[in-house]
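Input: a single structure, listed below in structure tokens.
The values are calculated or read from the model by the stated rules, or taken from the named source; none is laboratory data. Since the model is a prediction, treat every value here as computed from it, not as a measurement. Cβ coordinates were reconstructed from backbone atoms using ideal geometry, including for glycine residues, and neighbour counts include every protein chain displayed. For the accessible areas, the whole protein counts, side chains as well, though only heavy atoms, and no ligand, DNA or RNA atoms are used. Shrake-Rupley method; radii C 1.70, N 1.55, O 1.52, S 1.80 Å.
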Amino acid sequence: MVNNQIIGDRDTRLPPLSPEDLAALRDNLREQRLFREEQLRQIATHPSRTDESIQRRSAAQTEVRVKLAASARMVLADVEAALDRIAEGRYGNCHLCRRAIDRERLVIVPQARYCARCQQVREAGR
């Protein structure tokens with residue numbers, strides 16, 4: 001049971017996304033792509049300093065930048081994949097169970113590949 005709903009008891013026949021929904025989600029994904037591309041540019045152009053004491057402090061900052069860049073690249077790849085699915089007409093279906101992903105989930109996570117139920121199963125298996 002999740003949020004007082006029994007998993008698997010939901011009606012699996014969700015209405016398809018309207019053209020307006022799809023256009024709004026595509027716009028959101030494009031905005032996310034621009035944001036992540038700019039984030040990666042900023043991380044890549046961060047000035048490096050040569051002073052020894054600054055370098056020691058900078059090591060931790062460098063580690064954070066590396067992790068941020070990796071995360072931004074992962075999200076960017078997910079966003080690009082979602083845009084590809086939209087272009088190919090495959091957007092909005094779970095990669096595991098093939099059922100429609102709830103519109104509300106896509107509004108929150110437009111690059112989602114899995115429905116909420118399958119996402120829970122994947123996370124529980126980690």
*Going through the range 11-29 one residue at a time, which ones are loosely packed, with under 13 Cβ neighbours inside 10 Å, of a type outside the set (A, V, I, L, M) and assigned to a helix (DSSP H, G or I)?*
Pro19, Glu20, Asp27
_Residue among Ile108, Ile101 that alone is surrounded by 15 or more Cβ atoms within 10 Å (Cβ to Cβ), of a type in the set (Val, Ile, Thr) and under 15 Å from the mean Cα position of the chain (by Cα)_ = Ile101
*Among Arg122, Arg49, which is among the charged types (D, E, K, R), at pLDDT below 95 and in a helix (DSSP H, G or I)?*
Arg122
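On the basis of being at pLDDT below 95 and either touching a Pro at 6+ places or on another chain (Cβ under 6 Å) or within 30 Å of Gln42 (Cα to Cα) (or both), does Arg90 make the cut?
Judged against the criteria, Arg90 is not a match.
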*Taking the range 67-98 as the search range and keeping residues that are open to solvent by 90 Å² or more (accessible area, probe 1.4 Å) and in a loop (DSSP other than H, G, I, E, B), which one is farthest from Pro19 (Cα to Cα)?*
Leu96
*Give me the pairs, please: first residue somewhere in the range 30-46 and part of a helix (DSSP H, G or I), second residue anywhere and surrounded by 13 or more Cβ atoms within 10 Å (Cβ to Cβ) and polar (S, T, N, Q), beta-carbon distance under 9 Å, and either six or more positions apart or on two chains.*
Gln32/Gln111
*In the range 82-115, residue farthest from Asp27 (Cα to Cα) [restricted to those that are in contact (Cβ under 8 Å) with a residue 60 or more places away in the chain and among the small types (Gly, Ala, Ser)]*: Ala100
*asked:* Take the conditions at pLDDT below 95 and either acidic (Asp, Glu) or open to solvent by 90 Å² or more (accessible area, probe 1.4 Å) (or both) and apply them to Arg117. Does it pass?
replied: no
